[in-house]
Amino acid sequence: MCLYSAASMLERSLSAAAQSVRFRSWFKRASSRTRQGRSCEVHVSSAVPKHRIVAGDIPRARPPRLMTVTNRSPRKHLPLRLPGQSLEEKRSELLNDKLEPWLLCAALFIVLAALEWWRYVTHALPSPVVTSLAALVVTVLAGWRVYRLRPRLKALRLGIQGEKAVGQYLEELRAAGYAVFHDVIADGFNIDHVLIGPAGIFAVETKTWSKPTSDAEIHFDGDRLMAGSFAPDRDPVAQAQGTARWLAAELRQSTGKELDVWPVVLFPGWYVRQSDTSLNKCWVLEPKAFPKFLSHRAESLRRDDVKLAAYHLSRFVRVSERERVRA
């Protein structure tokens with residue numbers, strides 16, 4: 001009890017001393033102002049009138065007002081997607097989830113084996129046989145994973161390069177009044193590029209395939225697409241037609257208008273031959289020939305319809321991207 005009383009008295013003494021020091025400092029400044037011919041009046045608050053400080057008054061400092069700061073992003077909407085973004089995400093997923101863990105395990109066991117060998121050479125008691133065998137097994141497994149994933153990673157890298165090149169080429173069509181969208185994510189698939197302009201709406205698929213040393217030609221007769229003497233496992237024409245039907249249904253639901261969507265398949269770097277009858281089903285072209293086909297096509301969309309379709313598609317892309325980010 002005595003200790004508690006002594007502590008309380010000490011606390012009150014320190015508080016009084018601090019107030020006395022603050023008062024003396026303030027009184028000294030007030031006295032100097034008075035000697036210079038200025039009055040020693042202070043405003044206690046905006047609602048209290050002026051009063052003159054007399055001996056024994058101790059000015060009370062007003063507590064600082066805290067300002068709450070809320071941080072938020074200055075962007076109202078997420079940016080639109082870039083060409084080849086889906087392929088880049090798949091490639092990163094392969095590297096991060098299926099390849100890097102094995103490489104890290106192999107490196108770890110190699111380091112452990114090296115340490116054990118060093119201890120073995122320096123006549124330490126532990127034997128490096130067990131860690132060396134473990135490092136060998138993990139290294140072999142990691143090499144096998146690299147061997148299995150290397151073709152797929154190479155194909156994804158080739159597809160990313162092709163979609164970026166075609167995307168940059170299509171960006172030039174904005175000057176002709178076209179709205180250009182890249183990597184539109186749909187239900188379980190994506191559309192590489194979408195063009196909306198005076199000539200219509202186009203769902204564009206980009207296929208960047210490795211070229212053989214001979215017979216590097218794409219031929220489409222309206223029923224079957226051939227790459228040289230080989231037929232692809234997945235028909236890109238059927239894929240483009242499916243994405244065009246989905247996009248037409250999506251725009252019909254959002255805009256309330258019946259807007260036709262034309263399928264297009266572009267093969268960068270290939271020589272493409274297409275029969276005249278096949279043009280009524282799908283355009284199979286080299287990217288450099290695409291603007292020429294657009295210029296020869298009759299105008300089918302008014303400017304208001306172009307803006308309407310572009311607005312609804314951009315809103316769909318941003319909403320889908322926001323949901324993907326939240327998930």
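Residue by residue through region 227-266, note down the ones that are touching a residue at least 12 places away in the same chain (Cβ under 8 Å), out of contact with any strand residue (DSSP E or B) (no Cβ under 8 Å at 6 or more places or on another chain) and polar (S, T, N, Q).
229, 254, 255, listed by residue number.
For region 316-327: of the residues being outside any loop (DSSP other than H, G, I, E, B) and either free of Cβ contacts under 8 Å to residues at least 24 places away in the same chain or in contact with a Ser or Thr (Cβ under 6 Å, 6 or more places away or on another chain) (or both), which is nearest to residue 192 (Cα to Cα)?
319
With respect to residue 219, determine if the residue is under 16 Å from residue 266 (Cβ atoms) and surrounded by fewer than 23 Cβ atoms within 10 Å (Cβ to Cβ).
Yes: the conditions hold for residue 219.
Residue 207 passes all but one of (1) in contact with a Pro (Cβ under 9 Å, 6 or more places away or on another chain); (2) of a type outside the set (A, V, I, L, M, F, W, C); (3) over 29 Å from residue 293 (Cα atoms); which number fails?
If we test residue 207 against (1) in contact with a Pro (Cβ under 9 Å, 6 or more places away or on another chain); (2) of a type outside the set (A, V, I, L, M, F, W, C); (3) over 29 Å from residue 293 (Cα atoms), just (3) comes out false.
If residue 141 meets every condition in (1) surrounded by 14 or more Cβ atoms within 10 Å (Cβ to Cβ); (2) over 21 Å from residue 91 (Cβ atoms); (3) touching a residue at least 24 places away in the same chain (Cβ under 8 Å); (4) of a type outside the set (Asp, Glu) apart from one, which number is that one?
Just one mismatch for residue 141, condition (1).
Residue under question is residue 262, and the condition is that it be in contact with an Asp or Glu (Cβ under 8 Å, 6 or more places away or on another chain) and within 22 Å of residue 199 (Cα to Cα); does it hold? So that I can check it myself, show each step before the final result.
Working: in contact with an Asp or Glu (Cβ under 8 Å, 6 or more places away or on another chain): no; within 22 Å of residue 199 (Cα to Cα): yes.
No; evaluated as a whole, the condition is false for this residue.
Might you let me know whether region 187-195 holds any residue that is charged (D, E, K, R), at pLDDT 90 or above, exposed (fewer than 15 other Cβ atoms within 10 Å of the Cβ) and within 28 Å of the chain's Cα centre (by Cα)?
No - not one qualifying residue is present in region 187-195.
For residues that are outside any strand (DSSP E or B), in contact with a Gly (Cβ under 7 Å, 6 or more places away or on another chain) and touching a residue at least 40 places away in the same chain (Cβ under 8 Å), tally how many sit in region 182-225.
Qualifying residue count for the region: 4.
Only one residue in 164, 154 is assigned to a helix (DSSP H, G or I) and in contact with a Ser or Thr (Cβ under 9 Å, 6 or more places away or on another chain), so which one is that?
Being assigned to a helix (DSSP H, G or I) and in contact with a Ser or Thr (Cβ under 9 Å, 6 or more places away or on another chain) holds for just one of 164, 154, which is 154.
What are the pairs with Cβ atoms under 9 angstrom where one residue, in region 152-174, is within 11 Å of residue 268 (Cα to Cα) and the other, located anywhere, is polar (S, T, N, Q) and part of a helix (DSSP H, G or I)? Sequence gap at least six, or different chains.
Listed pairs, sorted by first residue: 163/85; 163/86.
The values are calculated or read from the model by the stated rules, or taken from the named source; none is laboratory data. All values derive from a computational prediction rather than experimental measurement. Backbone-built Cβ (ideal geometry, glycine too); neighbour counts: all protein chains shown.
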